[in-house]
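These notes concern the structure reproduced below.
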Amino acid sequence: MLKGSNQQMKRFAMVLFYIGGFVWFVFAVVKYLFGWDVTILQFLPYHLVAVISGILLKYGACLYERLSGRRKHD
């Protein structure tokens, strides 16, 4: 993997991670500001998808290289 694309992938991973956290801000606004009847379980899947995929994207390439025995050639 090229070094520049690795940086872009890490940046995108952080964006996904922050989107996962932002889900709870949306939950709070919808529940407490608008007074809608929503539950945590309605927002939890979106949070988990964003956070878990962001973490896997950020650390998954290094883990894959270690487990598969492949090394980066600099």
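What angle do you read, to the nearest 10 degrees and between 0 and 90, between the alpha-carbon axis of helix 40-68 and the longest principal axis of the chain?
So the inclination is approximately 10 degrees.
State which stretch of the chain is the longest one without any exposed trypsin sites (Lys or Arg not before Pro), exposure meaning a DSSP loop state and at most 10 other Cβ atoms within 10 Å.
1-69
What number, rounded to the nearest 500 deg cm²/dmol, is the helix-based mean residue ellipticity at 222 nm of the chain, given -39500 (n - 2.57) per DSSP H run of at least four residues and division by all its residues?
The per-residue figure over the chain is -26500 deg cm²/dmol.
What do you get for Rg/Rh over the chain if you use C-alpha atoms and the Kirkwood form of Rh?
My calculation puts Rg/Rh at 1.20.
Normalised by the residues of region 3-68, what does the relative contact order come to in percent, with Cα pairs under 8 Å and at least six apart?
47 percent
Quick note: the coordinates plus some simple rules give every number you see, no bench work behind them. The shown structure was predicted, so the numbers you read here are calculated from the model rather than taken from an experiment. Counting neighbours? That spans all protein chains shown, and the Cβs are built from the backbone with ideal geometry, glycine included.
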